[in-house]
Amino acid sequence: MQSKLVSQTEFILKEAKARFKNPVLLWAGGKDSTTMLHIALKAFARLPKFPFKVMLLDTGYQFTETYEYIEKYAKKWKLPFIRQKNLKALSEGINPFTTDHFTCCTKLKTENLANAIRKYKFDAVLVGIRWDEHGVRGKESFFSKRKNPDHWRVHPMLNWSLSEIWDYLKSNKVPYNPLYDRIEHGNLTYKSIGCYPCTKPIPIDDKEERGGRALDKEQLMEDLRALGYM
Amino acid sequence: MEKKYLHLVVIGHIDHGKSSILGRLFYDTDNVPKAVMERIRKTAKILGKEGFEFAFVMDQIKEERARGITIGLAHKKLVTEKHSITFADAPGHRDFIKNMLTGASESNAAILVVAADEGIQSQTKQHLFLTKMLGVPRVAVALNKMDLVDYSQERFKQLKEMIEQLVERVGYNKLDVPIIPCSALEGENVVKRGNKMSWYKGQTLLEHIENLPEVTPPSNLALRLPVQDIYTIEGIPVVIGRIVTGVVKLDDKVRVWPSGREYSVERIYIQDKEVEAGEPGDNLYLYLKGLKQGEIKRGDMITLHNDKPTFATRFKAYVFIINHPTGIVPGYKTRFEMLTESTPCIINALLNKIDTTTGAIVEESPSQLQDKEAALVEIATSKPVYIEPQQHFSNLANFRLIEDDTRVGMGICVEVIE
């Protein structure tokens, strides 16, 4: 019998395929979206081609390890892969060093996603967020409608906890971003990975998963979500 | 190793200590976020109140709740060595009814919190009644605030008898309902045993929770396999669907509804593996012998050949309005959605309006139902739908009311009329 979590996630992925014409699955090389992608690959393995586009929202400032990992497995898993960058914002000089965090995230992530939805006419965006990772995300539902531009958000991973994600990745021998295994200064690790200037490793025994993310420290999550970020 | 997965709803009268019990469970199992604990330790130290950390945890929860933020206990799992325990929302934080409607069908049990000083109160009865009505299979009672009655065994015995009478009246077997004397404030018998009630030889609340039976997969029930999609693989139509109840095996004779056509099962796949049978929760690729394109569609239902699903066009249900600015009146037309089914429906009658925080009936035959209100209603659908009362097939009772792609209400069927 399928585990309860995998069963639910697979069901939602297949609902997305049944309900929408042109869904895209967001994959940033993190543990949650990698778990979602892996379940989708297994769920649709019998189809001649993978039914969703897979997209990296490339800010230009993710870790080298993240880019290498994504490029390697996008090829290996033969994904219909899109790499989306907000070139206009980048050429205007938006960057995480001198631009404030809020503007930087809005331009390179939120606006970048909105541009992609318009460009490729996506009607649904599959995102691997979980209820337990951040208070703001605790309010999300599996399917929700968004405006500007009009599309649906689909969240197949809401029910997973941090430890269940790692149990899945390890017991299924899913290759994951090597950054998670890197230990710095003896006891610092990456538990949640974003852009390198805004992600710091945190102590190994720290239970605050997103404690190393500048985004969270500044309470930006709520504002960003209201504007359409994941 | 796969952990045992439990889902619980916490119920009980206001101020009997639902959040304290939850706070104590998280605190004593080291499941309070580290950053929160750090802040608490620092504050306690400054105030010279080391040892009172738990009280600070509770203050923290209250404060964050007042600001409309969940501390993260909502949807938070309590992870112990062998278990992953989910609590349906932080108790008291949101509407009781909403929690029950979303949580009841997948819950292993309800934790009923009763304060030892006040004993059984109105919401104790109302919550327990709805818990039974919505099909939650088990109840465990946390007899909280024993510190306020001097840990009296006499008081425990007296309340135990009264609670046992109540659970029997509601329809549970008292032998299946453990009653644990405890104190969330002092941490007695919640996670740790403590030393104040040496007369109590039973298990702690956490031990009871961990020993709850997992919800038996409904494989002993009749097969219900709603058709989610049809994929064409190598030119052959293949049925996609997740089993709700029952089991399907190779060579089984099955029937597709509403057409009533019969087929035999030729091949079954779960993901990329070929298997001989599917159980509840399994997402299947089902090859039916001789199935032609167009003979089956999303929204159909598969049963065994000698069976027929319940087709309902009129049924009673508890409905909770979650997002409707103007409210609804009898005769309100909307869209019914359930599993893979979607069809217009009409609310024929509003039967009883229910207080969403207590579960009490507050008005009979109300003239309208406002946003965030709940009621027992009668619904008619434009075509027969496969729905079963919660008590029989808990997974086939939940539905949604939809308007303009937005979920305006959620419901749970309790009685099929026709």
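The values are calculated or read from the model by the stated rules, or taken from the named source; none is laboratory data. Predicted model only: the values in this text are computed from it and were never measured. Glycine also receives a Cβ, built like all others from the backbone with ideal geometry; neighbour counts cover every protein chain displayed.
Observations on the structure shown:
- Matching option when the condition is among the basic types (K, R) and not in a helix (DSSP H, G or I), among B:K192, B:K157: B:K192
- Residues located in the range B:248-268, provided they are within 30 Å of the chain's Cα centre (by Cα), buried (at least 16 other Cβ atoms within 10 Å of the Cβ) and either among the hydroxyl-bearing types (S, T, Y) or at pLDDT 95 or above (or both): B:V248, B:V256
Results for (1) among the acidic types (D, E); (2) in the same structural domain as B:E341 (by TED's automatic domain parsing); (3) free of Cβ contacts under 8 Å to residues at least 40 places away in the same chain, shown as yes or no for each residue.
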{"site": "B:P137", "(1), (2), (3)": "no, no, no"}
{"site": "B:V141", "(1), (2), (3)": "no, no, yes"}
{"site": "B:D147", "(1), (2), (3)": "yes, no, no"}
{"site": "B:E161", "(1), (2), (3)": "yes, no, yes"}
{"site": "B:L185", "(1), (2), (3)": "no, no, no"}
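- Taking the listed residues A:P149, A:P156, the one that is touching a Ser or Thr at 6+ places or on another chain (Cβ under 6 Å), closer than 24 Å to A:A16 by Cα and modelled with pLDDT of 85 or more is A:P156, with no other qualifying.
- Checked against the criterion of being of a type outside the set (D, E), assigned to a strand (DSSP E or B), within 20 Å of A:I39 (Cβ to Cβ) and more than 9 Å from every other protein chain (Cβ to nearest Cβ), the candidates B:I240, B:I268 yield just one match: B:I268.
- Note on the range A:33-55: residues that are among the basic types (K, R), within 13 Å of another protein chain (Cβ to nearest Cβ) and either closer than 20 Å to A:Y176 by Cα or touching a Pro at 6+ places or on another chain (Cβ under 9 Å) (or both) total 2.
- Residue list for the range A:43-71, restricted to those being of a type in the set (V, I, T), under 16 Å from the mean Cα position of the chain (by Cα) and at pLDDT below 95: A:T59, A:T66
Let's see how each residue does on (1) farther than 22 Å from A:I193 by Cα; (2) buried (at least 21 other Cβ atoms within 10 Å of the Cβ); (3) touching a Gly at 6+ places or on another chain (Cβ under 8 Å):
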position: A:T9; (1), (2), (3): yes, yes, no
position: A:V24; (1), (2), (3): no, yes, no
position: A:M36; (1), (2), (3): no, yes, yes
position: A:T59; (1), (2), (3): no, yes, no
position: A:E65; (1), (2), (3): no, no, no
position: A:N86; (1), (2), (3): no, yes, no
position: A:F102; (1), (2), (3): no, no, no
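- Boolean, B:D272 is touching a helix residue (DSSP H, G or I) at 6+ places or on another chain (Cβ under 9 Å), charged (D, E, K, R) and not assigned by TED's automatic domain parsing to the domain that holds B:Q390: yes
- So A:D181, is it at the interface with chain B (Cβ under 9 Å from one of its Cβ atoms), modelled with pLDDT of 70 or more and closer than 28 Å to B:D30 by Cα: no
- In the range A:80-90, the count of residues that are in contact (Cβ under 8 Å) with a residue 24 or more places away in the chain, of a type in the set (K, R) and either within 14 Å of chain B (Cβ to nearest Cβ) or within 28 Å of A:E164 (Cβ to Cβ) (or both) is zero.
Results for (1) out of contact with any Pro (no Cβ under 8 Å at 6 or more places or on another chain); (2) within 24 Å of A:F20 (Cα to Cα), shown as yes or no for each residue.
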residue	(1), (2)
A:N115	yes, yes
A:K119	yes, yes
A:D123	no, yes
A:L126	no, yes
A:D132	yes, no
A:S141	yes, yes
A:Y168	yes, no
A:K173	yes, no
A:Y180	yes, no
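- Scanning the range B:398-418 for residues that are at pLDDT below 85 and in a loop (DSSP other than H, G, I, E, B) yields B:D404, B:D405.
- Count of the range A:164-181 residues which are free of Cβ contacts under 8 Å to residues at least 40 places away in the same chain and either surrounded by 13 or more Cβ atoms within 10 Å (Cβ to Cβ) or in a loop (DSSP other than H, G, I, E, B) (or both): 2
- In the range B:271-307, the residues that are within 14 Å of another protein chain (Cβ to nearest Cβ) and among the polar types (S, T, N, Q): B:Q271, B:N283
- Taking the criterion of being facing chain B (nearest Cβ under 8 Å) and at pLDDT 95 or above, the only residue of the range A:1-10 that qualifies is A:E10.
- Only one of B:D229, B:D150 that is over 19 Å from B:V10 (Cβ atoms), modelled with pLDDT of 90 or more, touching a strand residue (DSSP E or B) at 6+ places or on another chain (Cβ under 7 Å) and not basic (K, R): B:D229
- Check on B:I354, over 24 Å from B:H13 (Cα atoms) and in contact with a Phe, Trp or Tyr (Cβ under 8 Å, 6 or more places away or on another chain): no
- Only one of B:Y285, B:Y332 that is closer than 19 Å to B:Y231 by Cα and either in contact with a Cys (Cβ under 9 Å, 6 or more places away or on another chain) or of a type in the set (F, W, Y) (or both): B:Y285
- Residue in the range B:243-259 that is free of Cβ contacts under 8 Å to residues at least 40 places away in the same chain and in a strand (DSSP E or B) present: yes
- Scanning the range A:144-161 for residues that are facing another protein chain (nearest Cβ under 9 Å), outside any loop (DSSP other than H, G, I, E, B) and surrounded by 18 or more Cβ atoms within 10 Å (Cβ to Cβ) yields a count of 1.
- Close pairs (8 angstrom Cβ cut-off, 6 or more residues apart or separate chains): within 13 Å of chain B (Cβ to nearest Cβ) in the range A:17-32, among the small types (G, A, S) anywhere: A:R19/A:A124; A:F20/A:A124
- Given (1) within 12 Å of chain B (Cβ to nearest Cβ); (2) surrounded by 20 or more Cβ atoms within 10 Å (Cβ to Cβ); (3) in contact with a Ser or Thr (Cβ under 8 Å, 6 or more places away or on another chain), number of the condition A:I129 does not satisfy: (3)
- Filtered residues of the range B:210-237 (kept if within 11 Å of chain A (Cβ to nearest Cβ), among the aliphatic types (A, V, I, L, M) and within 21 Å of B:I85 (Cβ to Cβ)): B:V215
- Entry remark, the range B:133-148: residues being over 16 Å from B:V113 (Cα atoms) and part of a helix (DSSP H, G or I) number 1 in total.
- The listed residue being in contact with a Gly (Cβ under 7 Å, 6 or more places away or on another chain) and assigned to a strand (DSSP E or B), out of B:I230, B:I180: B:I180
- A:S171 vs. criteria among the polar types (S, T, N, Q) and out of contact with any strand residue (DSSP E or B) (no Cβ under 8 Å at 6 or more places or on another chain): yes
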